[in-house]
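So the structure is just underneath, and the comments pick up after that.
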């Protein structure tokens, strides 16, 4: 699943007429980078959620797309904007799409540039064999998030540490594997398939699962940019 429903307020005025995931990064739409990386790993059934200016995304990509040297990708869309008039936030959007996702599935934000990340089938198998319901890739804290998001134990458990804890060395890259069980209605408070369009953030669910010892993780040290401001976009597109 590629998350592509956000408004991109901090990117205005660029996002007044273009959804942030379609902004150009080094010659192609930003969201195309993770889409191609997924295809490179053999993950060719991809779901994209949309909201703000979301009609532009299926117009651009269609339902099938093939890039040189990569297998054909089949795309389906979860149109939160059309269905509910707004984005459902990360957890709400994932639960909405859950009936069309596999038992284990990748999630990556369409506005993050991580061209070195490898979506490996071996990672999926390791996760399938583990008792955890989520596996996160974490990056060293960037300048815009010096306090970090989480800790990471020597045994690969992601830790829900309080703000200000000196061991919060890691920031969530947005790249993750989940099992359907992570989004069980008893844990999320959201009905299966989110028929009412409940908006809900992901972070509280992750932190609760960490406290249950159900979230594993690992470091990703390749190139990574959360393209959250025009300045960060400009750094990726030097003139």
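What follows draws every value from the coordinates through simple rules; no lab data is involved. It should be emphasised that the depicted structure is a prediction, and the values quoted were computed from it without experimental measurement.
Please tell me the relative contact order of the stretch 1-81 in percent, rounded to the nearest whole number, where contacts are Cα pairs under 8 Å and at least six residues apart.
Relative contact order, the stretch 1-81: 34 percent.
In percent, what relative contact order does the stretch 2-236 have, based on Cα pairs under 8 Å that are 6 or more apart in sequence? Can you show the working numbers first?
Working: 442 pairs, mean separation 57.5, N = 235.
That works out to 24 percent.
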Query raised in the report: So what does log10 I(q)/I(0) come out to for the chain at q = 0.12, 0.16 Å⁻¹, using the Debye formula with one equal point on every Cα and no solvent?
Result: -0.66, -1.26
Requested in this report: Please compute P(r) over all alpha-carbon pairs of the stretch 98-160, binned at 5 Å starting from zero, and give each bin as a whole-number percent.
Outcome: 3, 11, 21, 23, 24, 12, 5, 1
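Out of the DSSP beta bridges found with both residues in the stretch 99-239, what percent are antiparallel (nearest 5)? Working shown, then result.
Working: 16 of 21 bridges.
Here the antiparallel bridges make up roughly 75 percent for the stretch 99-239.
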Requested in this report: Calculate, axis by axis, the spread of Cα positions in the stretch 133-218 along the three principal axes, and write the results as whole Å, longest axis first.
Outcome: 40, 27, 21
Report summary line: Percent antiparallel among DSSP beta bridges confined to the stretch 2-236, nearest 5, equals 55 percent
Requested in this report: Please report how far the C-alpha centroid of the stretch 173-239 lies from that of the stretch 65-101, rounded to the nearest whole angstrom.
Outcome: 15 Å
**Report entry** Average silhouette area of the stretch 1-106, convex hull of alpha-carbon atoms, in square nanometres
**Finding:** 6.8 nm²
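Tell me what the chain gives for mean residue ellipticity at 222 nm when only DSSP H runs of n ≥ 4 count, each as -39,500 (n - 2.57), the sum divided by the residue total, rounded to 500 deg cm²/dmol.
Values: 8 runs with 57 residues, N = 239.
Computed mean residue ellipticity for the chain: -6000 deg cm²/dmol.
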Report task. For the stretch 143-167 and the stretch 2-42, compute the distance between their C-alpha centroids and round to whole Å. Result -> 27 Å
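Suppose we look only past 14 Å in the calculated P(r) of the stretch 33-87. What percent of the Cα-Cα pairs does that tail hold? Intermediate results must be reported in sequence, preceding the final value.
Working: 779 of 1485 pairs.
Percent of Cα pairs beyond 14 Å in the stretch 33-87: 52.
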